[in-house]
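Heads up: the structure comes next, in C-alpha cells.
The values are calculated or read from the model by the stated rules, or taken from the named source; none is laboratory data. Remember, it's a predicted structure, so these values are computed and weren't measured experimentally. In this analysis, Cβ positions are derived from the backbone assuming ideal geometry, glycine residues included, and neighbour counts consider all displayed protein chains.
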Amino acid sequence: MSFDRRITPVRTDLADERLRGQVQAERFTSGTVKRLITTFSPLHRHPSREAPVDTQAIFGESVTVYDEHEGWAWVQLHEDGYVGYLPGEALSEAGPEPTHKVCAVRTFVYPGPNLKLPYQSYLTLNSKVAVTETEGDYARLATGGWVFAAHLNELNAFDTDYVGVAERFLHTPYLWGGKTSLGIDCSGLAQTALTAAGIKAPRDSDMQERELGTPVEVTSDLSGLRRGDLVFWRGHVGLMMDETNFIHATGHSMTVMIEPLAVAEERIRLGSYGPISTIKRL
C-alpha cells in the first residue's frame, strides 16, 4: 500500500500499532501522549537539527511519541497528523488539559501579573494553555507565568474572519515550514488562519487543495472571486481579500504580502509554479 510519509508513522523498525497488518515493521507501538512546552519547535524529517523542516509544533500541542533516542523524539502531531522528529526537551507529560488558546498573533509570558516585569517567554497564535487563576487583567498558566487575559480565548471560541487573521501576519518573514509571526510559509498561513476560525485544515497546500472547499471556475480574467476563496498553484496557496487582491506568504518577497491576484498569477505562471490549478470556496 502507498502511504503519505508526511502523515504516516512508519519506519522500517517501528510503526504505529494502528498500522499493523497494513505496513511492515520490526515492531509496533501505541506510543505515549505528550505536550509541547516550548513556544514552538521545528518538526524535522530526521533526528538532526540540520535535517529539513516540514512544519512546526506550537506550545500546548499534543503529540504521540513513538520513540525517543539520543535526545530526539519521533512523534505524530495531533492537530494535523504530521510525523517527524522533535527535540525531546521540547516535550513533557501531557499534564492539565488546556482551557484556553492564544488569540493574539503573539503574547508575552511574565513572571507575575504585571506588564512592567521582564518577560520570560512568549506564545504564538493558537497556542493552547491551561489557566489556573486570574488576577486583574492577567491569567496564570499551569505551566508557570502570567499572560494578558484578553490575549486568550476559550477553546470553543473562534474568529469569524479567517482572512482577517491572515492579514494580521502582513510583512511576517517567509519561513519554510513556519507557522508563527516570526516566520511562516504559504500553507502555514492558510492553516493557521483557518484554525483560528475553527476550520480544520491539513498542513500542506496539496492537501488543502484536495480536502478543503468546493471548486470555483478559474476564468481567464480571474473574475467572480470572493473574500475567503483559496487560490492554489501546484505548490502554493493564497487567500482572496476581495474580488481582485489576495494575501500570501511568498518567497518572491520573502514576506507575507498583499497584491493583485492578476499580478501574482502572471509572475507565478511564468516564473515558478505554472498556472493556477484550483480555486476553492469554503
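Structure notes:
- One residue alone among Arg210, Arg203, Arg227 is at pLDDT 95 or above, of a type in the set (Lys, Arg) and farther than 21 Å from Val256 by Cα, and that residue is Arg210.
- Residue match in region 92-104 (condition: out of contact with any strand residue (DSSP E or B) (no Cβ under 7 Å at 6 or more places or on another chain), within 30 Å of Arg281 (Cβ to Cβ) and buried (at least 16 other Cβ atoms within 10 Å of the Cβ)): yes
- Under the condition of being part of a strand (DSSP E or B), closer than 21 Å to Gly95 by Cβ and within 23 Å of the chain's Cα centre (by Cα), the residues counted in region 124-162 number 9.
- Tally of residues being touching a Ser or Thr at 6+ places or on another chain (Cβ under 9 Å), more than 21 Å from Ser187 (Cα to Cα) and at pLDDT 95 or above across region 76-97: 5
- Of all residues in region 80-97 being in a strand (DSSP E or B) and not hydroxyl-bearing (Ser, Thr, Tyr), the one that is farthest from the chain's Cα centre (by Cα): Glu93
- Number of positions in region 98-123 that are part of a strand (DSSP E or B) and either over 19 Å from Ile184 (Cβ atoms) or not basic (Lys, Arg) (or both): 9
- Every residue from region 17-51 that is surrounded by fewer than 16 Cβ atoms within 10 Å (Cβ to Cβ), in a strand (DSSP E or B) and either touching a residue at least 60 places away in the same chain (Cβ under 8 Å) or among the hydrophobic types (A, V, I, L, M, F, W, C) (or both): Val33
- For region 108-115, the criterion of a residue being free of Cβ contacts under 8 Å to residues at least 60 places away in the same chain, crowded, with 19+ Cβ neighbours inside 10 Å and among the β-branched types (Val, Ile, Thr) is satisfied by at least one position.
- Any hit, region 215-223, residues being crowded, with 20+ Cβ neighbours inside 10 Å and modelled with pLDDT of 95 or more: no
- Residues satisfying the stated conditions in region 182-221, i.e. part of a loop (DSSP other than H, G, I, E, B), touching a residue at least 60 places away in the same chain (Cβ under 8 Å) and under 11 Å from the mean Cα position of the chain (by Cα): Asp185, Ala201, Pro202, Arg203, Asp204
- Scanning region 52-70 for residues that are surrounded by 22 or more Cβ atoms within 10 Å (Cβ to Cβ), of a type outside the set (A, V, I, L, M) and part of a strand (DSSP E or B) turns up Thr55, Gln56, Tyr66.
- Extreme residue, nearest to Ile58 (Cα to Cα), among residues of region 71-86 that are touching a Gly at 6+ places or on another chain (Cβ under 9 Å) and not aliphatic (A, V, I, L, M): Gln76
- Count of region 162-197 residues which are among the aromatic types (Phe, Trp, Tyr) and within 19 Å of Phe108 (Cα to Cα): 1
- Region 156-201, residues that are out of contact with any strand residue (DSSP E or B) (no Cβ under 6 Å at 6 or more places or on another chain), farther than 16 Å from Leu239 by Cβ and either aliphatic (A, V, I, L, M) or surrounded by 15 or more Cβ atoms within 10 Å (Cβ to Cβ) (or both): Ala157, Phe158, Trp176, Leu182
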